[in-house]
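Below: the structure, in structure tokens.
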Amino acid sequence: MKVSNALILLSASSTTAFQPVPVNRVSSRQFSPSTQLNVKPGETGSVVEKVKEMFKGKPAENEEFDRMVKKNFPGAISNKDLATRVVELLEEKGVSPANTLLCTSLCADELARVLEDEFVDIYGNNFNLGGLSGFPFAGNTGWGAMSAHVPDNGYCLLIHGPHVGITKDGVIGKVERSGIALVDNCCGSAIAASNYLKGITDGGASITPKLQQFSDFQQGAVQELILPFGKRLGRAENRMRELPYALYDSQEVLVTDIINTGKSSIKQGLAVLGGIQINTAPDTLDYFHPLRFDYYDSEGNLAENLLPYLSYCLSLAHEATQSKRMKIPVATTALLAASTNAFQHSRAGRVTTRSFSPSTRLNILAGTESASERVARVMKTRPEENSSMDALVKENFPGAISNKELETKVAKALERLGITPANTLLATSLCCDELARNLEDDFNTVYGHNFNLGGLSGFPFAGNTGFGAMSAHVPDDGYCLLIHGPHVGITKDGIIGKVERSGIALVDSCCGSAIAASNYLKSITDGGMKINPKLQQFSDFQQGAVQELILPFGKRLNEAKDRMKELPYALYDSQDILVRDIINTGKGGIKKGLVLLSGIQINTGPETLDYFHPLRFEFYDENGKVTQDLLPQLK
């Protein structure tokens, strides 16, 4: 059966298509995990000092380039200034790395990881709500899961917004990328949506919503959500400069709606930082234009507007304005109507108090150290294997291997093929859960920033558009390493589908999205509930897709001896079809080659290592054909 046909069968929402449990799945499995915590307890010293220390390794500011960026984006501040001021303001409220979960809604583009990683270095691994163009496509379900992961009596810091590139000579909407001669679009998804909109407003093209296409429904949503801004963009002096602000306004409505829907789950408090990322070339810093910095109390009330304090010099921000902080009531907003007659005018007088300077970690890492040497160095910092936990995991998931063993063997296998950190772009399709960042971070350390294709449960919801953009970012004559798969938790006493989380007394579900979809499916098969697709709800359409994509596996899950153990494998089989369909559609964009590594992540508690069960490890040549099965090299 061809992949495209299988995809059609998979996405048919039919309870009669349920699959039986496959037999003899056991290949070569084994186990062990990664350790970076999403919350870092027990740390001492000023967080502000930690931020200053962190930025000492960044390049010096380029004054001429800084002036150019400020001229084009008055109101932006450097990532260094942003992080320093945000941390200091939050520290005053008792918000610290030890009691805070970082949550982000940023674009899939690997350049968006720069800002993300700088805050990850401060607050720990992030829960990822974002998709193409930075829209919060994990939605209400993602928000609910994220809220449950916040430490008891703790806080959440949510950072959201679109991004835009600017070249060294001031071209907006493009950016130089490491290893690529062509000056590339940034943000590609946003520009594609803008062109779609321009075709409607200027050329008479018809509106063609595509939300039902699982292989590209995020881009369809971006296109619909930008529709109300046609007149505003058409009248803008510089369309590429106005585009990220139009996207921000659309996203802000959606983010605010999601917060209002889920505000009852806020624990001690919530800080929301929204704005525009401005990405620059690899050898210059990135910038951020803050447009929102709100603090919500434990009741979900918008208690304080902190934005003015990002506009002043750090040394004056608290002495000169401490007594002048304004309190703003909650403004409830409705979702945007996706209609061409609702086009909005361009903002007048957007300039607030802006300034600029950027972040620097490259998406492609160059140097003399080999990938294997880098893995060995990084893994020395990981905890030792816990023999009792290792035995427990292997008993429940035979065939898994430790993240350390996985990464070591993958690096060696790729080195034999001439695939190195200097010529490779990492792409991932993993769940939004901050625990899924462990595996991602291990590979980030070796191969640099990742392009994020994944959404809830690990499905590749960035789709064909995301894959096309990612392919364009691969170094010339270079490779892509794509890692994908769902995840599952296991507790110290062997309960599958749950996991201990740092700072939380309750043993929590993992993966929450997968378990919710499984419960939805069970209510259909056992309770007679009707299928209820929800793809048109922008505030929760990823979970609606997860539910539809798992429908064909009802019989298989019902017949499983352990439903929670079988669930990630059913999800994997569904995702595998979708991933291979996306690769097949976009294979013309493959450069020198693509490596696909897929399987099941097994997350454990904060004090033990994570594991991975590899199910696919293949090399695609430049023609998009699988020429080597590398899976035996992971045994």
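The values are calculated or read from the model by the stated rules, or taken from the named source; none is laboratory data. Bear in mind that the values here come from a model prediction, so they are computed numbers and not experimental data. Every residue, glycine among them, receives a Cβ derived from its backbone with ideal geometry; neighbour counts consider all protein chains shown.
In this structure, is PRO136 surrounded by fewer than 22 Cβ atoms within 10 Å (Cβ to Cβ), part of a loop (DSSP other than H, G, I, E, B), in the same structural domain as TYR245 (by TED's automatic domain parsing) and in contact (Cβ under 8 Å) with a residue 12 or more places away in the chain?
So PRO136 does not fit the description; no.
What's the total number of residues in the stretch 478-518 that are surrounded by fewer than 24 Cβ atoms within 10 Å (Cβ to Cβ) and touching a His at 6+ places or on another chain (Cβ under 8 Å)?
Of the residues in that region, 2 qualify.
What tally of residues in the stretch 551-606 results from selecting those that are over 18 Å from THR428 (Cα atoms) and either among the aliphatic types (A, V, I, L, M) or not assigned by TED's automatic domain parsing to the domain that holds ILE524 (or both)?
6
Please go through the stretch 116-129 and give me each residue that is part of a helix (DSSP H, G or I) and under 9 Å from the mean Cα position of the chain (by Cα), ordered by number.
None - no residue of the stretch 116-129 is part of a helix (DSSP H, G or I) and under 9 Å from the mean Cα position of the chain (by Cα), so the list stays empty.
Among the strands (runs of 3 or more DSSP E) contained in the stretch 426-525, which hold 1 or more residues that are hydroxyl-bearing (Ser, Thr, Tyr) and over 15 Å from the mean Cα position of the chain (by Cα)?
479-484
Picking from PHE553, PHE467, PHE538, which residue would you name as being out of contact with any Lys or Arg (no Cβ under 7 Å at 6 or more places or on another chain), aromatic (Phe, Trp, Tyr) and modelled with pLDDT of 95 or more? Working first, answer last.
Working: PHE553 fails: modelled with pLDDT of 95 or more; PHE538 fails: modelled with pLDDT of 95 or more.
Of the residues listed, the single one that is out of contact with any Lys or Arg (no Cβ under 7 Å at 6 or more places or on another chain), aromatic (Phe, Trp, Tyr) and modelled with pLDDT of 95 or more is PHE467.
Can you tell me which residue is nearest to VAL410 (Cα to Cα) among those in the stretch 607-635 that are buried (at least 19 other Cβ atoms within 10 Å of the Cβ) and not aromatic (Phe, Trp, Tyr)?
First, pick out the residues of the stretch 607-635 that are buried (at least 19 other Cβ atoms within 10 Å of the Cβ): 608-615, 617, 619-620, 630, 634.
Keeping just the survivors that are not aromatic (Phe, Trp, Tyr) gives 608-610, 613-615, 630, 634.
On the way: THR608: 22, LEU609: 18, ASP610: 16, HIS613: 13, PRO614: 11, LEU615: 13, LEU630: 9, LEU634: 7 Å.
Across the stretch 607-635, the extreme among qualifying residues is LEU634.
Among the residues of the stretch 417-434, write down those that are surrounded by fewer than 19 Cβ atoms within 10 Å (Cβ to Cβ) and modelled with pLDDT under 95.
ALA422 - this is the single residue of the stretch 417-434 that is surrounded by fewer than 19 Cβ atoms within 10 Å (Cβ to Cβ) and modelled with pLDDT under 95.
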